[in-house]
1. Starting from the Cα gyration tensor of the range 2-76, take the square roots of the eigenvalues, sort them a ≥ b ≥ c, and report rounded, prolate or oblate (rounded when a/c is under 1.5, otherwise prolate if a/b is larger than b/c, else oblate).
2. Loop-only check: which chymotrypsin sites (Phe, Trp or Tyr not before Pro) in the range 342-410 are DSSP coil with at most 16 other Cβ within 10 angstrom?
3. For Q225 and E3, compute 0.36 nm times the residue count separating them, minus their Cα-Cα distance, and round to one decimal in nm.
4. Considering only Cα-Cα distances, which of the following residue pairs are longer than 21 Å: K325/K395; K24/K174; K324/K395; K105/K128; K345/K490?
5. Any chance you could check the Cα centroid distance between the range 391-457 and the range 46-68 for me, in angstrom?
6. Of S432, L444, P374, which is farthest on the positive side of the dipole of the range 283-501, counting Cα position, with +1 on Lys and Arg Cβ, -1 on Asp and Glu Cβ, and the Cα centre as origin?
7. Taking the Cα-to-Cβ direction at T296 and at T280 and moving 7 Å from each Cα, how far apart do the two end points lie in nm?
8. Within 13 Å, Cβ to Cβ, of H366, how many net charges do the neighbouring residues add up to if Lys/Arg are +1 and Asp/Glu are -1?
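Read the figures in this text as sums done on the coordinates, not as results from a lab. Computed from a predicted structure; not experimentally measured. Every residue, glycine as well, gets a Cβ built from its backbone with ideal geometry; the counts of neighbours run over all protein chains shown.
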Amino acid sequence: MTEVRVPTLGESVSEATVATWFKKPGDRVEADEMLCELETDKVTVEVHAPEAGTLAEIVAAEGETVGVDALLATLTQGDAAATPVADAKPASSAAPAAAQSNEVKMTDVMVPSLGESVSEATVSTWFKKVGDTVAQDEMLCELETDKVSVEVPSPVAGVLTEILAPEGATVDAKAKLAIVSEGEGAAPAPKSEAPAAAAPAAGKDVEDAPAAKKAMAEAGLSADQVTGTGRDGRIMKEDVAKAATAPKSASVSIAAAPAAAPRGASNADDASREERVKMTRLRATIAKRLKESQNTAAMLTTYNEVDMTEVMALRTQYKDQFEKKHGARLGFMSFFTKACVHALKEVPEVNAEIDGNEIVYKNYVHMGVAAGTPTGLVVPVIRNADAMSFAEIEKAIAEKGARARDGKLSMAEMQGGTFTISNGGVYGSLMSSPILNPPQSGILGMHKIQDRPMAINGQVVIRPMMYLALSYDHRIVDGKGAVTFLVRVKEALEDPRRLLMDL
């Protein structure tokens with residue numbers, strides 16, 4: 001007797017609902033054949049048979065809520081197991097080739113490692129199509145996770161026989177993406193568009209996900225108003241959300257908005273000039289995390305300004321020697337990183353975080369440096385910045401920035417930051433209030449350096465000034481601490497020698 005249990009659901013997910021059983025007691029099942037689907041508040045999880053046998057008993061019925069590792073069903077083993085489906089397909093699809101050579105081998109293309117806390121990804125682009133010849137390590141497709149893009153290379157040289165996860169599909173960390181056949185006689189698998197197209201029609205007899213039923217009731221939608229994307233046309237929770245936010249028909253929109261008619265353009269006309277693009281996973285995650293930050297932290301921002309005269313003079317004097325010796329350009333970020341490290345030692349709560357009812361003080365500084373990329377904002381982390389020299393900081397920032405722009409950052413490189421610096425000045429921002437990067441309690445916003453008239457010793461002089469903004473979590477950082485931190489950063493930048501003297 002073999003037990004079928006709830007698989008790992010994700011780092012922060014502790015329970016799921018049994019949505020659909022695709023087998024009934026007494027049915028014969030193959031190893032890795034899908035038995036049922038579980039639905040969490042975020043994703044749908046497929047449960048596969050651990051081995052071939054017969055489904056003896058279903059312990060958790062449809063609609064039941066189960067925890068991680070809960071018993072779902074039991075299997076009985078038998079010797080009459082059928083030939084696995086995975087083996088049957090290649091044999092029929094490549095029969096002519098097999099007659100010529102026994103060297104044709106089918107190799108699965110699996111989702112690569114996505115990172116410790118990432119459980120799923122979206123297939124963004126296929127660079128090859130079925131029937132294309134591919135070389136070993138040649139890129140087949142690109143996956144997009146919440147934070148990074150992941151390239152999927154071909155594990156072997158051969159022919160791309162079958163694509164199992166099309167563009168736009170969401171796949172879990174252990175999913176099969178495609179099949180590559182090795183050998184000159186390899187051929188693509190026969191296409192089966194007809195059965196796939198028929199699936200939605202049959203979906204009328206398929207039980208919709210419990211969460212989807214609830215969502216439809218709340219949104220006032222009927223099943224015929226929602227297009228199901230689940231197995232056999234099942235309506236999933238995300239399908240209801242999509243239908244609820246879809247634009248109404250042109251006739252309804254026009255009838256509902258007679259006031260727009262005098263302006264000479266109907267809603268339908270406006271719609272024809274609009275473009276709707278689905279949010280990328282990265283953009284959706286950015287939106288979610290920023291909103292969560294505002295909802296969970298008592299965020300407040302304090303401002304100051306810094307005279308950049310001394311830093312600019314020091315940089316001008318030594319930048320050529322610095323680059324010649326260290327092979328890195330001397331920028332402003334190393335000065336700001338050093339100044340923040342200096343200030344964090346005096347005001348450690350800005351470098352701390354809240355964990356339940358405890359405050360966790362970090363006796364190290366993992367500096368997050370926000371970087372804009374073509375796909376959105378990412379925050380690579382410079383680890384142990386408090387122990388690094390100016391040259392080491394500049395090299396690390398340059399290397400992380402280049403990897404961010406190329407989409408090469410790993411999940412590990414963007415986790416564990418204790419404080420963040422965001423430089424909106426490179427885009428011309430004069431003043432802004434940065435949003436916290438949870439669970440961090442502080443973020444420093446740099447801005448554009450601009451010449452302004454300043455009163456110095458009774459005289460009006462022109463000085464290169466920059467506004468600084470510190471956003472902080474007021475639950476852990478008091479106003480006095482926030483102001484003190486910003487003043488220490490200002491003092492260190494206006495007199496960089498203080499950094500050398502640790503003053």
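1. prolate
2. Y361, Y364
3. 76.0 nm
4. Beyond 21 Å between Cα atoms: K24/K174.
5. If you average the Cα positions of each part, the centres end up 49 Å apart.
6. Positive-most Cα among the choices belongs to P374.
7. 2.4
8. Spelling it out: positives minus negatives among the neighbours equals 0.
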